[in-house]
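The values are calculated or read from the model by the stated rules, or taken from the named source; none is laboratory data. The structure displayed is predicted, hence computed values, not measured ones. Quick reminder, even Gly has a Cβ in these numbers, built from the backbone with ideal geometry, and neighbours come from all protein chains shown.
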Amino acid sequence: MAETLKILTRAVGMQNSTAIDTYMHGGGYEAMMTALHKMSPEQVLGEVKASNLKGRGGAGFPAGLKWSFLPRKREGDKQEPRKFLVCNADESEPGTFKDRLLIENDPHQILEGIIIAGWATQAAGCFFYIRGEMPQGAKIFQRAVDQAYSRGFLGKNILGSGFDFDVWVCRGAGAYICGEETALMESLEGKRGQPRIKPPFPAGYGVYGVPSNINNVETYANVPHIIKNGAEWFKAIGAPSLPGPRLYGISGHVNRPGVYELPSNTTLRELIYDFAGGILGGRPLKAVIPGGSSTPVLRADQIDVTMDVDGLKSVGTMPGSGGVIVMNDTVCMVRALHNLMEFYAHESCGQCTPCREGTHWLELLIARIEAGEGKPGDPERIAEIAGNIMGRTICPLGDAAAMPAESFVRQFKDEFDAHVKEKRCPCKATPMTSRI
Amino acid sequence: MSATPASLLANEEFARKVEALAAKYPEPRTALLACLHLCQDELHHVPPECQAYIAGKLGMTPAHVRGVVTFYEMYSEKPLGKHLLQVCKTLPCMLAGSELLLEHLERKLGLKPGSTTKDGRFTLVTVECLACCDGGPSLMVNDALYKNVSPEKADEIIKELE
Ligand SMILES: Cc1cc2nc3c(=O)[nH]c(=O)nc-3n(C[C@H](O)[C@H](O)[C@H](O)COP(=O)(O)O)c2cc1C
Ligand code: SF4
Ligand code: FES
């Protein structure tokens, strides 16, 4: 069996792993020094672009390309245009718990990536927006920021380079939607977290209306390694459609749930059976959600695919946030989908009618089927409502709710039909496997 | 003795903390969520007089602040119990048995989710995914996160709370 990688997760389990001295002892902040002293912002940007690092927050947009959208000083300008970075540490997508691991075990790795990104884009500073339910993580990260200031790695004229850069830690307050980039920026401005209509995109109009770049925690954490080892090294890891190390968080009915750092050419089967120790209770596998609750669900016979963009696309789904949710044969798929729809209906910010109403209808409709009160045509109605949400909303939360709804019904149509026909849940006979 | 809205607003340390937060970010408005957390932590809710106070400090209207308080799950306009028990109920935790944990806590405390014991000691709520799905069922008690919480483990956790 292949081994897990030890790049992003090198410090996990190490003593005092969050201390700046521990980090520096292992070569930490050397990449930042190389960038600031030996590389121009353009060279750093070029290296990250060449690495084809893709965003790890869910959408997979190439990071270097996104950085290059930020405006830079033109000939004759005295100063760089004011702009900000944002680090998205809102981690709230059901099934996703990899950023927490990085924040709590190795905050300096993230911070170093942020400072290098700041240099590449010549930004004024970075807002680190961490979800409100991670108070310990916020403390750990704030302490890392304070240590970096005390070493002269943040603040004015960092290490004599003439570059000024600040980091501000901000806590959210319990709203999944604030993980969406523009909702997050509204939240940073002390407002309700309601997504903005795009365009304008954050690169033109971000925090305080100033050009801004937002990336996920894991995306920034990759940056020091790219600068240290080069784009070619990075591209040699995993499949070409998703290069570099990737954190897969696996939960649900497996024997060893947890975060596994793997190349993206690992198959879902290897992750589930080799790394995560197979199915809880030794039972048959029934379904897998491969990349956070918003990604289309797979059946047990579709797991012989690699977990990169191309591999997952071949079975109609996507890598998303790397959160793999495994279900054995004791799970009722109607009940599982109902649980997810409760989530989306609750988290819809309410601005768009298709999302606000659609998620609520889906929740009610699925509850009805689950209760054995479904009417003929109800399963088809789920697909229809989902189709009417897709692509018709301000932000992707609408799509994020529609994709599981559509895919659960498509992949497990028999089970939805059986609920309607038998007017009861045919799965109730087997109690669901539990861990406690 | 625990703070009241009046005692909190008369407390110089609270005023200093709010002012420090207002000065921490490039613009004071970014401090709003942090100021509301301060108040929620002290009083277990954010009453109108505190909303107005914070609004004044950050140059906002009280109506704006109220809009924010009501949007975010972690702020409450009604007082919550001294100890907040949050049971994660999203799919990965459900697969791990969160329904058993919730039923147990409901029975033990005599509470439905969203309510508070008469003596004001405990509030029980359900929450969405807490980003620790490998440790389901997960339970947050005030600021502390617990993993793999069986009913027996929940009993022990509650026993430790003063
Ligand atoms: C409803 C919703 C919730 C999101 N939640 C998160 C989140 O918790 N963390 C995250 O990094 N990205 C989240 N995203 C994606 C962000 O909008 C954005 O694409 C990401 O932060 C960009 O970073 P990346 O390019 O490095 O992935 C969410 C998107 C939506 C629509
Ligand atoms: S899609 Fe939903 S969450 Fe997104 S802006 Fe519209 S209503 Fe709000
Ligand atoms: S579902 Fe409970 S922590 Fe993620």
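If A:Ala173 passes every condition in (1) outside any loop (DSSP other than H, G, I, E, B); (2) within 8 Å of another protein chain (Cβ to nearest Cβ); (3) of a type in the set (A, V, I, L, M, F, W, C) but one, which one does it miss?
Of the numbered conditions (1) outside any loop (DSSP other than H, G, I, E, B); (2) within 8 Å of another protein chain (Cβ to nearest Cβ); (3) of a type in the set (A, V, I, L, M, F, W, C), the odd one out for A:Ala173 is (1).
Residue-wise test of (1) among the hydroxyl-bearing types (Ser, Thr, Tyr); (2) buried (at least 24 other Cβ atoms within 10 Å of the Cβ); (3) more than 16 Å from ligand 2 (Cβ to nearest atom).
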| position | (1), (2), (3) |
| --- | --- |
| A:Trp168 | no, no, yes |
| A:Gly174 | no, no, no |
| A:Glu180 | no, yes, no |
| A:Leu184 | no, yes, no |
| A:Leu188 | no, yes, yes |
| A:Pro211 | no, no, yes |
| A:Lys235 | no, no, yes |
| A:Ala239 | no, no, yes |
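Quick one: in the stretch B:81-127, of everything that is assigned to a loop (DSSP other than H, G, I, E, B) and in contact with a strand residue (DSSP E or B) (Cβ under 7 Å, 6 or more places away or on another chain), which residue is farthest from ligand 3 (Cβ to nearest atom)?
Here the answer is B:Arg121.
Among the candidates B:Val65, B:Val69, B:Val46, B:Val87, single out the residue that is crowded, with 20+ Cβ neighbours inside 10 Å, farther than 30 Å from B:Glu106 by Cβ and either at pLDDT below 95 or not charged (D, E, K, R) (or both).
None of the others qualify; the one that does is B:Val65.
Counting only residues that are loosely packed, with under 15 Cβ neighbours inside 10 Å and either over 20 Å from A:Pro81 (Cα atoms) or within 13 Å of chain B (Cβ to nearest Cβ) (or both), how many does the stretch A:152-163 have?
Qualifying residue count for the region: 3.
Every residue in the stretch A:67-105 that is closer than 15 Å to A:Gly204 by Cβ and either within 16 Å of ligand 2 (Cβ to nearest atom) or assigned to a helix (DSSP H, G or I) (or both), please.
Within the stretch A:67-105, A:Trp67, A:Ser68 qualify.
For the stretch A:228-262, name all the residues that are of a type in the set (Lys, Arg) and within 12 Å of chain B (Cβ to nearest Cβ).
Within the stretch A:228-262, A:Arg256 is the sole residue that qualifies.
For every residue, the table says whether it meets (1) buried (at least 22 other Cβ atoms within 10 Å of the Cβ); (2) away from chain B (no Cβ under 14 Å); (3) more than 9 Å from ligand 2 (Cβ to nearest atom); (4) part of a helix (DSSP H, G or I).
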{"position": "A:Glu342", "(1), (2), (3), (4)": "no, no, yes, yes"}
{"position": "A:Leu362", "(1), (2), (3), (4)": "yes, yes, yes, yes"}
{"position": "A:Pro376", "(1), (2), (3), (4)": "no, yes, yes, no"}
{"position": "A:Ile382", "(1), (2), (3), (4)": "yes, yes, yes, yes"}
{"position": "A:Thr393", "(1), (2), (3), (4)": "yes, yes, no, no"}
{"position": "A:Gly398", "(1), (2), (3), (4)": "yes, yes, no, yes"}
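State all residues of the stretch A:176-208 that are more than 16 Å from A:Glu347 (Cβ to Cβ) and within 13 Å of another protein chain (Cβ to nearest Cβ); if no residue qualifies, say none.
Passing the criteria: A:Met185, A:Leu188, A:Glu189, A:Gly190, A:Lys191, A:Gly206, A:Val207, A:Tyr208.
Give the number of residues within the stretch A:110-124 that are out of contact with any Leu (no Cβ under 7 Å at 6 or more places or on another chain) and either surrounded by fewer than 24 Cβ atoms within 10 Å (Cβ to Cβ) or assigned to a strand (DSSP E or B) (or both).
Qualifying residue count for the region: 2.
Among the numbered conditions (1) within 13 Å of chain A (Cβ to nearest Cβ); (2) surrounded by fewer than 19 Cβ atoms within 10 Å (Cβ to Cβ), tell me where B:Asp134 comes up short.
Only one criterion is unmet by B:Asp134, namely (2).
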